[in-house]
Amino acid sequence: MGILDFFRSRPKNTASVAKERLRIIVAQERAQTGRPDYLPLLRREILEVIKKYVNVDPDAIDIHVERDGDSEVLELSVALPERNGAPPAPTETTTAAAGEA
Amino acid sequence: MENEQHDPSHVETPSLPVPDSSLPSPGRTPLTEIIVVTSGKGGVGKTTTSASLAVGLAKRGKKVAVIDFDVGLRNLDLIMGCERRVVYDFVNVIHEECTLKQALIKDKRFDTLFVLAASQTRDKDALSKEGVEKVLKELTDEGFDYIICDSPAGIEKGASLAMYFADRAVVVVNPEVSSVRDSDRILGLLSSKTRRAELGNGPVEQYLLLTRYNPERVAGGDMMGVDDVKEILGIEVLGVIPESPGVLTASNAGVPVILDDISPAGQAYEDAVARLAGETRPMRFLEAQKKGFLARIFGS
């Protein structure tokens, strides 16, 4: 640590950033192992159903499963295009379904 | 249900803390304990750890074999300082090209310590589950107290065979995101892809060994601390090895760092071995050393 470092303000706490990122990714990866990997298929089928009614961008749908205690939350987020065929706008609808794990 | 007769040998161990159930106690026939040193990520200190744990246990009078599972990239022989005495290796024994006795290299410092080198010329497919099992069985029959399996990095064949027969696992982790994430993958494999898991013989005991720990950076908020890593991985801490120049000088010389009792890393490994043998020791080297005002201004 040199004279400049001594007077420079401390950078933000990167260890807590690391811990938070790890907490999320580790929980996600633990939840994935040993379970049927149905999320990609679920995503595609939901997209097909939605497409029957609204023309959505294939990338506009996002699915996560999060575990909270002993219940799991399936989070589904779809960005709907604007009415009258205008280019997709970031209008976001979030549907959450909770159930026992 | 209340009248059901229990055969004591079939009663599942409850989750109550049974003190020292895994440790050889007087009156119990000594069993061979197979310990895998693993990590997922490379370069975190598996071989350094394997060498120091093996030496530490041998120093306590235990009969120890340490096996290098990194076929094609052997290094345990160098760290142990016996690289010029390797004639036969692990793969030769598996393929019955020599006897186990011929391949075991006796340590020059401790009579009860033996090294089994990995093959440098074959590829990782030269290992088979049956072959590894045969060698471990023979070591067990020879009355070894501990067999330390030094795993290669990754999650492929060498690594999966190194962990398959383990009773206990020492997961070596650096306080850094990729190492912690990979270790969590390894913990998942330890609880599903091991003989204990497959036969339902109870879980492989898992311990966290943090290496390259820098207390100053932890204090400064730039490195995750032992409690952070422990919280994420959720396993017991066997030891914290501080980052120390002694580790490099030890590997330069082929003398496992645990034999350097001046170096903080050597002392921390000594503590880890004591905990592995069932002793309770406080964690050392977790606190940043106080720097004087001048040292902070003019650099150290």
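The values are calculated or read from the model by the stated rules, or taken from the named source; none is laboratory data. Nothing here was measured: the structure is a model prediction, and the numbers come from that model. Cβ placement follows ideal geometry from the backbone for every residue including glycine, while neighbour counts extend to all protein chains displayed. SASA here: full protein model, heavy atoms, side chains in, ligands and nucleic acids out. Shrake-Rupley method; radii C 1.70, N 1.55, O 1.52, S 1.80 Å.
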| request: Using a/c under 1.5 as the rounded threshold, could you call chain B rounded, prolate or oblate? The axes a ≥ b ≥ c are square roots of the C-alpha gyration tensor eigenvalues, and prolate needs a/b larger than b/c, oblate otherwise. | output: oblate
| task | Take every DSSP beta bridge whose two residues both sit in chain B, then give the antiparallel share in percent to the nearest 5. | result | 5
| query | Once phi is turned into ³J(HN,Hα) by the Karplus curve 6.51 cos²θ - 1.76 cosθ + 1.60 with θ = phi - 60°, what whole-Hz value does each residue of region B:93-103 show in order, with x for glycine and proline? | reply | 5, 4, 8, 6, 8, 7, 8, 4, 4, 5, 8
| request: Could you size up the charge dipole of region B:164-300 around its Cα centre, putting +1 on the beta carbon of Lys and Arg and -1 on that of Asp and Glu, and report it in debye to the nearest 20? | output: 120
| field | Most fluctuating residue given options B:Leu208, B:Leu187, B:Leu286, as computed from a GNM of chain B linking Cα atoms under 10 Å | value | B:Leu286
| said: For region B:148-300, what does the accessible surface come to per residue with a 1.4 Å probe? Please give it in Å². | reply: 45
| remark: From the cross-link list B:Lys63/B:Lys157; B:Lys101/B:Lys193; B:Lys101/B:Lys137; B:Lys62/B:Lys157, the entries with a Cα-Cα span beyond 22 Å are B:Lys63/B:Lys157; B:Lys101/B:Lys193; B:Lys62/B:Lys157
| query | How big is the B/A interface in buried accessible area, both sides summed, 1.4 Å probe, to the nearest 100 Å²? | reply | 1700
| note | Quick note, region B:56-174: a/c under 1.5 would make it rounded; otherwise a/b > b/c is prolate and the rest oblate (a ≥ b ≥ c, C-alpha gyration tensor); here it is rounded
| request: With all protein chains present, calculate the accessible area of B:Ser160 using a 1.4 Å probe and round the result to the nearest 10 Å². | output: 50
| message | Give the average, rounded to an integer, of partner chain Cβ atoms located within 10 angstrom of each Cβ in B:185-194. | response | 2
| Under the span-like rule (Cα at least 15 Å along the axis, Kyte-Doolittle mean at least -0.5), DSSP H helices of chain B | B:46-59, B:177-190, B:264-276
| request: Let me have the 222 nm mean residue ellipticity of chain B computed from DSSP H runs of 4+ only, each contributing -39500 (n - 2.57), with the sum over all residues rounded to the nearest 500. | output: -10000 deg cm²/dmol
| request: Using +1 at the Cβ of each Lys and Arg and -1 at the Cβ of each Asp and Glu in chain B, identify which of B:Ser151, B:Phe69, B:Ile105 lies farthest towards the dipole's positive end. | output: B:Ile105
| Which lysines does B:Lys59 reach when only Cα atoms under 16 Å apart count, and residues fewer than 8 places away in its own chain are ignored? | B:Lys106, B:Lys108
| request: Determine the shielding of peptide A:12-19 by partner chains: average, over its residues, the number of Cβ atoms on other chains within 10 angstrom of each Cβ. | output: 6
| Taking the Cα centre of region B:135-199 as origin and charging only Cβ (+1 Lys, Arg; -1 Asp, Glu), how large is the dipole, in debye to the nearest 20? | 300
| query | Based on the mean of other beta carbon atoms within 10 Å per residue, what is the order of A:41-53, B:162-174, most packed first? | reply | B:162-174, A:41-53
| task | Evaluate peptide B:219-231: per residue, the Cβ atoms of other protein chains within 10 Å of its Cβ; return the mean as an integer. | result | 4
| region B:97-147: C-alpha gyration tensor shape, a/c 1.5 cut-off, then a/b vs b/c | oblate
| query | Quick one: with all protein chains in place, what share of the accessible area of chain B is carbon or sulfur, to the nearest percent (1.4 Å probe)? | reply | 51
